[in-house]
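The structure under discussion appears below in the form of structure tokens.
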């Protein structure tokens, strides 16, 4: 994919680096000369010096052939302008960073397919780290209606040596929850388990559940024998 990123700040360049590692062709646009030089020399992407809301710069950067665009500029108003122009030039997949919630609907109306609130994301991550310190990571879907959490299984956990099917049939395992990923050891790949998959000590599971069942899932998985 050809991905165009507006803004060569820390977030924009970090995104560019990850996309390059995944094999995508990436270009960034920034008004700062040094930022563009860094993007070329250290990140290994194309960089265009100028305003990311300038039609001339966008056309030079190849917006007409872009498969995706990420607006990561310093203000919501600039991101809104870039999203509007991306929609005008027919970019099929448009993402935007957002700071103030007042811009959610304008960005959506302008054509953003995905809107990422940096404040909400940071606060949510910190709250989860405080409230669920034993959870390695947690993701929210459908406006928080579904949670996916990553949990390590200590040696003396109740679920060690039991199959996924046995766990699903246990009355203490919350209804509507499901083990969707399994990593036997940290150096091994994450796999999709089946009913016969047996959980080993020091392994890791991915579980999908409802927000109201989080504590119940954690208590069940980490319950000692």
Take the stretch 98-114 and flag every residue that is buried (at least 16 other Cβ atoms within 10 Å of the Cβ) and part of a helix (DSSP H, G or I). 103, 106, 107, 110
Considering each of 69, 73, 95 in turn, give the residue that is crowded, with 16+ Cβ neighbours inside 10 Å, assigned to a loop (DSSP other than H, G, I, E, B) and in the same structural domain as residue 23 (by TED's automatic domain parsing). 73
With the condition kept exactly as written, say whether any residue in the stretch 18-38 is assigned by TED's automatic domain parsing to the domain that holds residue 111, closer than 23 Å to residue 111 by Cα and part of a helix (DSSP H, G or I). yes
With the condition kept exactly as written, say whether any residue in the stretch 44-66 is closer than 26 Å to residue 108 by Cα, more than 23 Å from the chain's Cα centre (by Cα) and touching a residue at least 60 places away in the same chain (Cβ under 8 Å). yes
Name every residue in the stretch 32-43 that is free of Cβ contacts under 8 Å to residues at least 24 places away in the same chain and touching a strand residue (DSSP E or B) at 6+ places or on another chain (Cβ under 7 Å), in order of residue number. 33, 40
Check whether at least one residue in the stretch 119-141 is buried (at least 16 other Cβ atoms within 10 Å of the Cβ), in contact with a strand residue (DSSP E or B) (Cβ under 8 Å, 6 or more places away or on another chain) and at pLDDT 85 or above, and report yes or no. no
Restricting to the stretch 76-86, give me the number of residues that are more than 10 Å from residue 6 (Cβ to Cβ) and buried (at least 17 other Cβ atoms within 10 Å of the Cβ). 3
Might you let me know whether the stretch 152-175 holds any residue that is loosely packed, with under 15 Cβ neighbours inside 10 Å and on the phi > 0 side of the Ramachandran plot? yes
Check the stretch 84-92 and report whether any residue there is on the phi < 0 side of the Ramachandran plot, touching a strand residue (DSSP E or B) at 6+ places or on another chain (Cβ under 8 Å) and free of Cβ contacts under 8 Å to residues at least 24 places away in the same chain. no
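The values are calculated or read from the model by the stated rules, or taken from the named source; none is laboratory data. Quantities reported herein were computed from a predicted structural model and do not represent experimental measurements. Please note: Cβ atoms are built from the backbone with ideal geometry, for glycine as well, and neighbour counts cover all protein chains shown.
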